[in-house]
1. Of the residues A296, A263, A301, which single one is surrounded by fewer than 21 Cβ atoms within 10 Å (Cβ to Cβ) and within 15 Å of the ligand (Cβ to nearest atom)?
2. Residue check: is E367 more than 14 Å from the ligand (Cβ to nearest atom), in contact (Cβ under 8 Å) with a residue 60 or more places away in the chain and out of contact with any Cys (no Cβ under 9 Å at 6 or more places or on another chain)?
3. Identify all residues within the range 370-390 that are touching a residue at least 40 places away in the same chain (Cβ under 8 Å) and surrounded by fewer than 20 Cβ atoms within 10 Å (Cβ to Cβ); write none if there are none.
4. So how many residues does the range 119-129 have that are surrounded by fewer than 17 Cβ atoms within 10 Å (Cβ to Cβ) and either within 16 Å of the chain's Cα centre (by Cα) or in contact (Cβ under 8 Å) with a residue 40 or more places away in the chain (or both)?
5. What's the number of the only condition in (1) crowded, with 17+ Cβ neighbours inside 10 Å; (2) in contact with a helix residue (DSSP H, G or I) (Cβ under 7 Å, 6 or more places away or on another chain) that E358 fails to meet?
6. Looking at G366 and the list (1) at pLDDT below 95; (2) open to solvent by 50 Å² or more (accessible area, probe 1.4 Å); (3) farther than 23 Å from V304 by Cα, which single condition is not satisfied?
7. Restricting attention to the range 282-293, which residues are under 26 Å from the mean Cα position of the chain (by Cα) and either more than 16 Å from the ligand (Cβ to nearest atom) or open to solvent by 20 Å² or more (accessible area, probe 1.4 Å) (or both)?
Amino acid sequence: MTGSLSTGSLSTAALPPGLFWDADRGRLKVRDPRLAEIALRDPHIITGVDHGKSAGAGTPPPLGQAPTITEFFELWYTVGPRYQQFNTELRKVFTVRAVAPFEPAMRAQATRAAAALPPAGDLARDYLSPYLMHSTFLLLGVPEPEWPRLTKVARLVIHLFKQQLLGVTGHGPREAAAFATAMHYLEQLTGRLLTGPGEEPFLLAARRLAGLDPGPWPIAALIGQLLMAGIEPMIVGSSIACRDIWSTPRLRTALLTGTVAAADLAEEVLRQHPPFGNIFRFVVQPCTCLGVPLPAGTIVAIDVAAVNLHTTPAADPAHGCPVRTGEVLTFGKGTHYCLGSHSARLQVATGLDRLVHEQPGLRIDGEGTRIDTHNNLKEVRAVPYRIGPGA
Ligand code: HEM
C-alpha cells in the first residue's frame, strides 16, 4: 500500500448517500450498488493486496528449498507478477461448462458423506467439511489415495492463513515442523500431479503454467491457495443455508418436492448472508471517483450484504433469488470476481440437495448453531445435529 493515511478529512466530510465513515475502524464503508461498482472497477482503488512485504516476494525459493510460512503466502498467484498468465489459464478451468461434468462425482461424494453421518454430531465437521474438501480435490484432479494427507495440509494452510490475517506471524516449533512436513508432501504431490496421467482441466492448466518458472512451488502454492480460498466460505455458506432450511420446515419441503432448486435457494441465502462481510480495496491515487475527495491510503470496505439488499430486500428463499446473478456481490465483481464462483455454487447446491434427500430424519439444533460474524469471513463454530426418531 502506498501513501500515508490522511483520512481525517473523511471523518468530517459530508458524504454522498451510500458512503459512511467508520471511525472505529478507520474505513470508508460503501453500501450502495452503484458506488460499489465504481470502487470495484476504478483504477485508483486497488485490490487489498500488499505486493511483497519482503524483498523478492513472489519469487519461488531456490531449487531444493521449501518456502517459509510467510514466503508461501507471498507465492499466491493473485499477489504475484504472473497474475495475468495464471488468471487467463485458471478462468478456463472454472467456467460453468468446465465444472458441469464434475456434478455426478460431486453428487456421489455428497451421498457418501451423508450416508456416513454418525447419529449425532457437528454437521460442519461431519458432513460439510469432508464433502466440500473431497469435491474440491475432484475438481483439482487429486487422486483419492492422496485425500487424507491433502486434507491435513489444507487444514493447516487455512489455519495459518487465518493467523496471518489476525497479524500472528510468529510460529512455535511444533507449528513450524508441521508446516515443513506439509510443504514436503505438497512438493511431492505437485510433482506427481504434473507428471501423472490425470487429464482434469485444472491439471492441464497447471502443466502449462508450470513451464513459466522452474521448480514446483508456484503450482504447489496455487493448490494451497485454491484450497484456502474456497473451502471455508463454502462451509460457511452451506452451514447458514442448512440452519435456515432446518429451522423453516417449508424450505425443506420446497426442496424435497422440487418446487425450488437447491441452487436457487442457496443463491438467496448467500445474498442475504454472504460469507465475506466486506470486499476491501485501497485508494492508491487520490481521486474523487466516489463523489468525494479520497486521499491515497484510504481503506474502502464494500459492505456485501448492504449492497446485495439495497435495491431488492431479502426474499423468501423458497422462491429462489429475486435478482439476476450479475446484481449479486456475494462473489465480488470486476477483475477479481471469484475464480471459483461456478464451482462453489455447484458444490454448495449439490451438498444441500443430497443432504435433504439422503437424511430425512436429520434435525439441526438451531439454538445451538453458532456462526461467528466477528471477522470478515464468517466462521462456523458449531452446527449440532441429530438423526433418528428422537431427533
Ligand atoms: C461460497 C464460496 C465463496 C465465496 C463467497 C467467495 C467469495 C469471493 C469474493 C467476494 C472474491 C472477490 C474478492 C475481491 O474482489 O477482493 C473472491 C475471489 C476469489 N475466489 Fe472466491 N469465493 C468462494 C469460493 C471460492 C472457491 C471454491 C475458490 C477456488 C476454486 C475461490 C477462489 C477465489 C480466488 C482465487 C479469488 C481471487 C480472484 C482474483 O483475484 O482474480 N473462491 N471470492
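The values are calculated or read from the model by the stated rules, or taken from the named source; none is laboratory data. Worth saying up front: this structure is predicted, and the values here are computed from it rather than measured. Cβ: placed from backbone, ideal geometry, glycine included. Neighbour counts: every protein chain shown. Only protein heavy atoms, including side chains, enter the accessible area calculation; ligands, DNA and RNA are left aside. Shrake-Rupley method; radii C 1.70, N 1.55, O 1.52, S 1.80 Å.
1. Going through A296, A263, A301 in turn, the sole match is A263.
2. Spelling it out, it is not the case that E367 is more than 14 Å from the ligand (Cβ to nearest atom), in contact (Cβ under 8 Å) with a residue 60 or more places away in the chain and out of contact with any Cys (no Cβ under 9 Å at 6 or more places or on another chain).
3. So the first thing to find is which residues in the range 370-390 are touching a residue at least 40 places away in the same chain (Cβ under 8 Å), and the list is 371, 373, 375-380, 382-388.
I371, T373, N375, N376, L377, E379, A382, P384, R386, I387, G388, listed by residue number.
4. Quick first cut of the range 119-129, residues surrounded by fewer than 17 Cβ atoms within 10 Å (Cβ to Cβ) only: 119-121, 125.
Remaining after also requiring either within 16 Å of the chain's Cα centre (by Cα) or in contact (Cβ under 8 Å) with a residue 40 or more places away in the chain (or both): 119-121.
Qualifying residue count for the region: 3.
5. E358 satisfies every listed condition except (1).
6. Only one criterion in (1) at pLDDT below 95; (2) open to solvent by 50 Å² or more (accessible area, probe 1.4 Å); (3) farther than 23 Å from V304 by Cα is unmet by G366, namely (2).
7. Those that are under 26 Å from the mean Cα position of the chain (by Cα) and either more than 16 Å from the ligand (Cβ to nearest atom) or open to solvent by 20 Å² or more (accessible area, probe 1.4 Å) (or both): F282, V284.
Residues are listed down the side, and each one gets a yes or a no for (1) modelled with pLDDT of 95 or more; (2) more than 21 Å from H310 (Cβ to Cβ); (3) within 29 Å of the chain's Cα centre (by Cα); (4) open to solvent by 40 Å² or more (accessible area, probe 1.4 Å):
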site: M1; (1), (2), (3), (4): no, yes, yes, yes
site: S4; (1), (2), (3), (4): no, yes, no, yes
site: G8; (1), (2), (3), (4): no, yes, no, yes
site: T12; (1), (2), (3), (4): no, yes, no, yes
site: P17; (1), (2), (3), (4): no, no, no, yes
site: D24; (1), (2), (3), (4): no, yes, yes, yes
site: L28; (1), (2), (3), (4): yes, no, yes, no
site: R34; (1), (2), (3), (4): yes, no, yes, yes
site: E37; (1), (2), (3), (4): yes, no, yes, yes
